[in-house]
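Step one of this worksheet: look at the structure below.
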Amino acid sequence: MFETLLAGIRSIHDHVDGQIPLHAPWFDADDEAAVVECVRSSFVSSVGPEIVAFERDLCERTGCSAAVAVVNGTAALHTALLMADVGTNDLVITQALTFIATCNAIRYTGAQPVFIDVDADTLGLSPEAVKRWLEEQCEMHDGKCRHRDTGRWVKACIPMHTFGMVMRITELLNLCEEWRITVIEDAAEALGSSRNGRHAGTFAPIGTLSFNGNKVITCGGGGAVLFKSIELAAQAKHLTTQAKVPHPWSFAHDRTGYNYRMPNLNAALARSQLRKLDHNLAAKRELHHRYSHLLASTPWTLVGDPSGTISNHWLNAILFRDREERDAFLEAANNVGIQCRPAWELATDLPMYQQALQAPLPMSRSIQDRLVNIPSSAHP
Ligand SMILES: *Cc1c(COP(=O)(O)O)cnc(C)c1O
């Protein structure tokens, strides 16, 4: 049943010997030189010129006002939530179809996630579904949004730009402004993606990125928090630097801080990788075109660019007609060395989040049942 499709995928990656990985990082001699030079400078840890320079490079590339580089994308989300003043017993709206980091970061603050459905085209949080939940379950009280049954405050909302597709962020921002809810964009998968010319993660007051090994560019492990407010970014820098009071020799701290700073060594590699982002994006766009051609005359759909957006095509995805067909494809592909995987299990199906508040999730469930990510390296 899948012979032609599998042969097509194999031929697109015909320069790969053996297993075709889902997503492999790509390094060149410049990356190696950047790391070696940083090691020789001896500034490999949490202080150094590469960190400051990388934060500046990120501002330039994304158009944000200020960026704070951190150890990974999960720490970036945690920091973002703390800067949005999210704490114990608050509620944070997010999507059930997301990587676990989004949900875990909410829990780190002592808050509880509320899981809402995604849109069919972007696979990101649905503004209409959020609106419905707010209107049915919440009320404004003292100028803040309160969940009626639990009496908890709905403090923040984290949409995720799934597989690099930018969700309908403007509609969501307008809605959340009405309800006085802070939006944090989880743009971990969306470096290089944009909607109407604006970079993912820079629409809301706070956005987050990841530079993990499987992302569009990587520095081993790393993340960043993007801000509109320079003042808020300075506070985030302080919080992720153990809340150390700046002083030439004295060692004092003014709150419970975190050791979340990105080391200079990672920043050196991150800067070098960022210079190759456009190169990677072009290669990924080409790969997406080839997949789109391959899928054109089949009963299956390649997940594409939602209108008004440019996706980085981080991970390509096929939608099958039902779960049985998906499982048969996963089995067949992995058996012939084509590394493929299903979408994440819905958070609401995992033991830690089964009891969480949730709205109906028909689209999330349908996507989870039918989607498969296929090999998507920029330069295999
Ligand atoms: C990768 C990713 C993160 C962050 O991951 P780290 O491995 O901690 O850098 C967060 N959210 C989503 C949706 C991701 O895909």
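The values are calculated or read from the model by the stated rules, or taken from the named source; none is laboratory data. Just so it is clear, the model here is predicted, and its values are computed rather than measured. Positions of Cβ are backbone-derived with ideal geometry, glycine not excepted, and every protein chain shown enters the neighbour counts. These accessible areas exclude ligands, DNA and RNA; they are computed on the full protein's heavy atoms, side chains included. Shrake-Rupley method; radii C 1.70, N 1.55, O 1.52, S 1.80 Å.
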Stokes-Einstein D for the stretch 246-380 at 4 °C, 1.567 mPa s, Kirkwood Rh over Cα pairs, in µm²/s? 69
Which order do peptides 184-195, 160-171, 236-247, 359-370 fall in by mean Cβ count within 10 Å, highest first? 184-195, 160-171, 359-370, 236-247
In square angstrom, rounded to the nearest 10, how much accessible surface does S45 have for a 1.4 Å probe? 70
Rounded percent of accessible protein surface that carbon and sulfur make up, the chain, 1.4 Å probe: 52
Cα-based count: Lys pairs in the chain below 17 Å, eight or more positions apart or different chains? 7
Calculate, for the chain, the solvent-accessible area per residue in square angstrom, rolling a 1.4 angstrom probe over the heavy atoms of the protein chains. 42
Sort 218-224, 109-115 by the packing proxy (mean of other Cβ within 10 Å over each peptide's residues), most packed first. 218-224, 109-115
What is the Rg over Rh value, at two decimals, for the chain, using alpha-carbon atoms and the Kirkwood definition of Rh? 0.98
Fraction of antiparallel bridges per DSSP, the stretch 29-275 only, in percent to nearest 5: 60
Along the stretch 275-290, Karplus-curve 3J(HN,Hα) (6.51, -1.76, 1.60; θ = phi - 60°) to the nearest Hz, with x for Gly and Pro, reads 5, 9, 4, 4, 4, 5, 5, 5, 5, 6, 5, 4, 4, 4, 4, 5
Mind putting a number on the dipole of the stretch 29-275 about its Cα centre? Charges go on the C-beta only, +1 for Lys and Arg and -1 for Asp and Glu, and I need it in Debye to the nearest 20. 480
